[in-house]
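Here the structure is laid out as structure tokens; the discussion comes afterwards.
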Amino acid sequence: MKLIKIPEDKYYEYKMQAMFDCYKWDPQFCDNNTLSKHILLLTKKENEELIKLTKNLDKETRLAEEYINKNVKIAKKLVLPKKILEQMPNMQNYDKNQNIRLMRYDFHPSIDNHWVVTEVNSDCPGGFAESSLLPDIARKTIGMPELEYHKKKKKMVETINHKLNKKGTIMMVHCTCFSDDRQVMQYLGDRLAKEGYKIIYGAADHIRFKEKKAYCILDNNQVGIDFIFRFTPLEWLIQMKPRRWDGYFNTKVISCNHPISIYAQSKRFPLVWEDLEKAGICMKTWKKLLPETLEVKDLGFQKGFIYKPVYGRVGEKISIKEACKDDEYEKILQDVKKHPKQYLAQKRFQSKPLKSEEGKEYHICLGSYTIEGEHAGYYARMSLYPRIDSYAEDIPVKIKK
């Protein structure tokens, strides 16, 4: 695994293409550029190893969540929001053959030359355009046609075509106030529209449910919905008022992702592995790759652990001191003390940085996608610090033939 520099005299053109041709509308966070000037190159061996690990993790995760869905006692150990626990009886009609399961597993290289997995983005993984379009324009920019990449969009479109037979209306559900969310939905929606589907973009409360069917209520789009692609996190969705979200949990409309995704999205997922293995569900790959994880109350005076929020996203509120800005670290510790059940303690591993041609060292997070259990490409980000947060840069991934 190494970094390949995009020539300075070609980077501006590359950035413009990313913005106008690859749905990377706003490639910055605050005053920081979030579009890397590098390409991440994987060897064939690294790619094959990651694919094998990813598929093993996915098999374990899907078996686990289906079992948890049938056992409220285990689900309670995840300390799910009360509103979601109340919906568990409505999720018993979940059909894995009907719905589409999309996940992204976050891999990090460690200093002992092993892969470490820190979490699975089980509920609403993003990065679609970055994983599908950026690698191609990056390859053309640096003039290296011998490099390969995975076309994730193709796999998703093929899967949806298989479920819907190229007919029907698809609702792209997202937080409409965020352009970052819209660009994710717009990319996939434009691709699906070319297949002949009617595409509607809307918020989670723009759907009404009746007799387990879904209907759009937007002006000029008041039609039945055949497929729901949800990009609104469940812990946000259940806060909507008035309460119109119950139907997401028991609808018979095909969806990606079904609310069953919340079980593995919780960072408390490792705390139920013992129960799962007693039920005959092997979690060997997860145990091998995920750092030791404890409840805050069980940590005691052990050193070498960091705190992570149970439903944290984009690296927020992870207590890696050197990555925290201003008084962020102290505020995290105060919040952990005040709300210990909203955090977990996880053994800190030593991330192995990659050195660029300029001599800078970058820490890498390599997100590995699965769609219906099959590997579907990568979405990578890199940072000068061993925490991949909103300041991190998107970097296209290529594979050496």
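Taking trypsin sites (Lys or Arg not before Pro) across the range 152-207, the ones in a DSSP loop with at most 13 further Cβ atoms lying within 10 angstrom of their Cβ are Lys166, Lys167, Lys194. The protection proxy used here, the mean number of other Cβ atoms lying within 10 Å of each residue, ranks peptides 41-50, 122-131 as follows, highest first: 122-131, 41-50. Relative protection proxy for 340-346, 393-399, 293-299, from highest mean packing down: 393-399, 340-346, 293-299 (other beta-carbon atoms within 10 angstrom). When only alpha carbons are used to place a centre, the range 35-56 and the range 229-270 end up 30 Å from one another.
Among 229-236, 208-215, the peptide with the highest mean count of other Cβ atoms within 10 Å heads the list, and the full ranking is 229-236, 208-215. Close amide H contacts of Val116 (hydrogens built in the peptide plane, cut-off under 5 Å, sequence separation of 5 or more or a different chain): His108, Ser110. Mind running the shape call on the range 292-393? Use the C-alpha gyration tensor, a ≥ b ≥ c as the square roots of the eigenvalues: rounded below 1.5 for a/c, prolate if a/b tops b/c, oblate otherwise. Oblate shape, in that a/c is at least 1.5 and b/c is the bigger or equal ratio. Here the Karplus curve 6.51 cos²θ - 1.76 cosθ + 1.60, taken at θ = phi - 60°, turns the phi angles of the range 391-400 into couplings of 7, 5, 9, 6, 10, x, 10, 10, 10, 6 Hz, with x standing for Gly and Pro.
The H on the amide N of Gly315, modeled in the peptide plane, is under 5 Å from the matching H of no residue at least 5 residues off or on a different chain.
Our summary gives the range 292-347 a relative contact order of 57 percent, counting only alpha carbon pairs under 8 angstrom and 6 or more residues apart.
Taking amide H as placed 1.01 Å from N in the peptide plane, Ile399 has its amide H under 5 Å from the amide H of Leu42, Glu148, Tyr149, each at least 5 places away in sequence or on another chain. Answer rounded, prolate or oblate for the range 1-58, using the Cα gyration tensor with square roots of eigenvalues a ≥ b ≥ c: rounded when a/c is under 1.5, else prolate when a/b is larger than b/c, else oblate. Here the range 1-58 falls in the prolate category. Taking θ as phi - 60° and the Karplus parameters 6.51, -1.76 and 1.60, the scalar couplings of the range 136-143 work out to 6, 5, 5, 4, 5, 5, 8, x Hz in sequence order, x denoting glycine and proline.
Just so you know, all these numbers are worked out from the coordinates, no wet-lab data involved. These numbers come from a predicted model, not from an experiment. Every residue, glycine among them, receives a Cβ derived from its backbone with ideal geometry; neighbour counts consider all protein chains shown.
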